[in-house]
1. Hey, got the average number of other protein chain Cβ atoms within 10 angstrom for residues in A:105-112?
2. Find the centroid of the Cα atoms in region B:24-74 and in region A:15-77, then give the distance between the two in whole Å.
3. How many nm separate the modelled label positions at residue A:96 and residue B:105, each set 7 Å beyond the Cα in the direction of the Cβ?
4. Among bridges DSSP assigns within chain A, what percent are antiparallel (round to 5)?
5. Tell me the label-point distance for the pair residue B:14, residue B:52, using the 7 Å Cα-to-Cβ offset, in nm and rounded to one decimal.
6. For chain B, report the translational diffusion coefficient in µm²/s to the nearest whole number, using Stokes-Einstein at 10 °C, 1.306 mPa s, and a Kirkwood Rh over Cα pairs.
7. Find, to one decimal place in angstroms, the Kirkwood hydrodynamic radius of the protein assembly as shown, where the mean of 1/r is taken over every pair of different Cα atoms and then inverted.
8. Alpha carbons only, please: Rg and Dmax for chain A, in angstrom.
């Protein structure tokens with residue numbers, strides 16, 4: 001158990017809909033990362049937050065947004081969903097968000113867009 | 001951000017030692033090398049990290065030559081449960097962009 005909690009584990013929705021994925025980092029970790037993993041794209045970095053502030057942005061679509069709340073949990077919002085958004089979404093956390101820190105990953109949210 | 005290159009896939013047999021090499025020709029002075037393991041439908045898991053020479057833990061060894069332009073993850077006596085994707089990352093304390101490459105898909109056969 002990594003200590004990172006992601007909910008829900010599975011999500012099935014339709015095209016055009018909006019969903020919210022939730023992540024609770026390990027106790028004491030200040031930084032949260034979001035990744036998308038689909039079969040043909042590998043593990044894609046989306047965005048990173050540190051103590052409530054956006055710190056780095058990767059290949060995140062404009063239809064996607066994220067935030068980190070004062071209690072340090074994070075939410076990834078996906079809107080106007082398309083079939084191609086079907087993927088496994090991972091959240092990871094680290095203590096301070098620096099490049100050589102160990103990342104702890106959650107078990108992911110499997111999103112299916114039908 | 002130092003770019004990394006790894007073999008796409010490797011096959012091995014149970015009980016063998018497996019060495020996966022990662023090339024990072026543009027590694028910077030302050031960069032560390034980190035390896036992660038990912039099983040299907042699970043999040044990646046930290047395996048080992050090093051800066052130079054050799055690092056060993058209960059799971060693997062990491063060999064880094066003096067020029068640090070490559071590194072080798074060594075898995076001793078693999079078993080079927082070591083079948084996974086292995087990722088090499090290079091970064092320093094200034095690097096906030098933790099991108100994973102394609103990784104190396106290791107298949108261990110009986």
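Taken together, the values in this text are just the output of simple stated rules run on the coordinates, not laboratory data. These numbers were taken from a predicted model, which means no experiment stands behind them. Cβ: placed from backbone, ideal geometry, glycine included. Neighbour counts: every protein chain shown.
1. Working: counts 7, 2, 3, 3, 0, 1, 0, 0.
Other-chain Cβ atoms within 10 Å of each residue's Cβ, averaged: 2.
2. Between the Cα centre of region B:24-74 and that of region A:15-77, the gap is 25 Å.
3. Between residue A:96 and residue B:105, the label points sit 3.9 nm apart.
4. Details: 37 of 41 bridges.
Here the share of antiparallel DSSP bridges comes out near 90 percent.
5. 4.2
6. Stokes-Einstein gives a translational diffusion coefficient of 113 µm²/s.
7. 18.0
8. Cα-based Rg and Dmax for chain A come out at 13.1, 39 Å.
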